[in-house]
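Down below is the structure, laid out as structure tokens.
The values are calculated or read from the model by the stated rules, or taken from the named source; none is laboratory data. Keep in mind it's a predicted model, so treat the numbers as computed, not measured. Note: ideal-geometry Cβ built from the backbone for every residue, glycine included; neighbour counts use all protein chains shown.
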Amino acid sequence: MRQLNEQQLKSICGILADTNRGLTKTELKSTLHNCGIGEVDDGNRSINGGIFYQIGFNKRDWLYKCFVADINKNRSCVNVFRFIESALSPISYTLEEKREKHLWRLDEINKVLMLLGMQVGNDGKLKQTVKANTLDEVDRRVNKLKKKLYERAIHTEVTKYCVNDYLQKDYFDAVFEAAKGLAERVRQITGLTTDGGKLFQEAFSTKDPFLFFNSLKSESEISEFIGLKELLEAIYHLVRNPAAHTPKINWKVDENKALDVLTLISFAHKYLDECHRMPNK
């Protein structure tokens, strides 16, 4: 495991303890405890009902001192890296309102780590990556590509499956993982365990559907319902089947094609946002 210098460590603390988008003091303390890192005195003092009080370290400086004390004690940054993984674990960001903070923290931490040849994946785990040598390269790999996803308002259910592959320009895996995410979303809504065409046929059966987003009473509503099923099937046949059965080297996907496919998958997810499981299922 690589070591962190003073500036790198301070940058990481500045992100994780950011006033607006970082972890709260309570969250920081809990994560320190879970990672086996001791707390240092934060310098805060007060007297209840009295006049005396003293303002101690801000969150960023306090976290930095906690990290330094642990590194000096263990002669290793292993607990700091464990803290980073814990702080960015996706299990802590399942609520929709937390997703934006997660993406910001992930991006900013990866800007620091890419200069070390490391990166945190969507699963919250650290892994090796191609080392960036300049800030311009970091910006190209994180900001420029991510901006293109944001400009197209790509659904979070798409980005959570594929954003790291996309940022590393692995467009094959990006579209493949995003397509798999569609089937998983339908399974989550319906409780079904099948996959592919069979899953969509069962879920969107007009005679005995497992989900709904309209009353299925008018011809227009039935047509729209069938249309979503056929869209999901089309994505499955166009993307997932070829990607699963064609050697990666032979299935050419450039950035523009990847963006088009991800936009289509995002459109399907926005429809699925309106879907609900049938009460009797």
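Structural remarks
- Those residues of region 22-64 which are in contact with a Phe, Trp or Tyr (Cβ under 8 Å, 6 or more places away or on another chain), modelled with pLDDT of 90 or more and assigned to a loop (DSSP other than H, G, I, E, B), in sequence order: 35, 37
- Failed condition for residue 112, given (1) surrounded by fewer than 19 Cβ atoms within 10 Å (Cβ to Cβ); (2) part of a helix (DSSP H, G or I): (1)
- The set of residues in region 200-234 that are in contact with a helix residue (DSSP H, G or I) (Cβ under 6 Å, 6 or more places away or on another chain), surrounded by 15 or more Cβ atoms within 10 Å (Cβ to Cβ) and free of Cβ contacts under 8 Å to residues at least 60 places away in the same chain comprises 200, 203, 204, 228, 229, 231, 232, 233.
- Verdict on residue 163 being under 30 Å from residue 276 (Cβ atoms) and crowded, with 16+ Cβ neighbours inside 10 Å: yes
- Candidate set: region 88-109, residues that are under 10 Å from the mean Cα position of the chain (by Cα) and outside any helix (DSSP H, G or I); chosen: the one nearest to residue 157 (Cα to Cα): 94
- Taken as a whole, the structure places residue 160 among residues that are part of a helix (DSSP H, G or I) and in contact (Cβ under 8 Å) with a residue 12 or more places away in the chain.
- Residue 12 vs. criteria within 27 Å of residue 149 (Cβ to Cβ) and at pLDDT 95 or above: yes
- Criterion: at pLDDT below 90 and under 25 Å from residue 35 (Cβ atoms) - qualifying residue of 93, 150, 161: 93
- Boolean, residue 73 is assigned to a helix (DSSP H, G or I), modelled with pLDDT of 85 or more, surrounded by fewer than 16 Cβ atoms within 10 Å (Cβ to Cβ) and over 11 Å from the mean Cα position of the chain (by Cα): yes
Residues are listed down the side, and each one gets a yes or a no for (1) modelled with pLDDT under 95; (2) closer than 23 Å to residue 206 by Cβ; (3) in contact with a His (Cβ under 8 Å, 6 or more places away or on another chain); (4) not basic (Lys, Arg):
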position	(1), (2), (3), (4)
218	yes, yes, no, yes
231	no, yes, no, yes
239	yes, no, no, yes
254	yes, no, no, yes
272	no, yes, no, yes
